[in-house]
Every structure is written in C-alpha cells, then in structure tokens.
C-alpha cells in the first residue's frame, strides 16, 4: 500500500477489514464460528453433491442468517448447484461452504442430493449390449 492509500484507509470507517490488494481480512474461522464440520447432521458434502434451495422453507428470507449464508441462498435461488460451484461463486473456501451448508440444511433452507456412487452406475459393457440388442430389432 502506498502512503496515500494507507492514509485513506485510516480515515474510512470499517476500512481496517479490507485491504485493496489482499481483499477482505475476515478469516474463514470467523465466518463459521470456529467450526470445521457441518454441524450435528453428520452430512458430508461431496464436491459434486447438488444443493437445491427449498423456497418454502422458513429462514430463506435471510433475516436471521449471516451474509455468507445469504450469498449461498442467492446462488442456489437461480438453479441447483454443486458444492464446488457454490464455493467458486461465493469466493469462499470449500471447507467454509460445507459448514455454512450444514447450517442451511439444519434450518431446512436447502436439500442435498448425493451423487450416484460409481458402483451403482451401469457397466459400459451392459449398455453396449443393450444398444446392440436395440439395433438388432
């Protein structure tokens, strides 16, 4: 920072929490209240888990939620998104997004769809046989 920007930062109220070169100075543990796990629900949010907003749920208006929670709700309002997309869209670390989503899930604001495990996906060989059988008809 130059002397001019340092002097301006001293004069602006609240500017001690923002550095124009580094961005916001709020640490991730402050956003989650020091938590590292997504609450007592025991849900583990995979990067590809799909998060959908429940518009009829109480609390989606954001009155009792923090700004990061409201950001995630805003991102989910447009369309269903994965945890990785929410992390990128909110410009927050994935660990923080997982904790915040745990809060939203407990409040009933969002629903989470688990990805299909690879073991439950059909085998490529079976699909090829089905296609060949259909062509034979």
Given the criterion assigned to a helix (DSSP H, G or I), surrounded by 14 or more Cβ atoms within 10 Å (Cβ to Cβ) and over 13 Å from the mean Cα position of the chain (by Cα), identify the matching residue among 106, 85.
106
Among the residues of region 70-93, write down those that are at pLDDT below 85 and touching a helix residue (DSSP H, G or I) at 6+ places or on another chain (Cβ under 9 Å).
none
Within region 115-137, tally of residues that are at pLDDT 85 or above and not in a helix (DSSP H, G or I):
1
Picking from 97, 112, which residue would you name as being surrounded by 22 or more Cβ atoms within 10 Å (Cβ to Cβ) and either within 9 Å of the chain's Cα centre (by Cα) or at pLDDT 85 or above (or both)?
97
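So, in region 110-137, exactly how many residues are more than 14 Å from residue 50 (Cα to Cα) and in contact with a helix residue (DSSP H, G or I) (Cβ under 9 Å, 6 or more places away or on another chain)? If you could, list the steps in order and put the result at the bottom.
The initial filter retains those residues of region 110-137 that are more than 14 Å from residue 50 (Cα to Cα), namely 118-137.
Of the ones still in play, those that are also in contact with a helix residue (DSSP H, G or I) (Cβ under 9 Å, 6 or more places away or on another chain) are 122.
So the count comes out to 1.
The values are calculated or read from the model by the stated rules, or taken from the named source; none is laboratory data. Just so it is clear, the structure is predicted and the values come from calculations on it, not from any experiment. Virtual Cβ from ideal backbone geometry, glycine too; neighbours counted across all protein chains shown.
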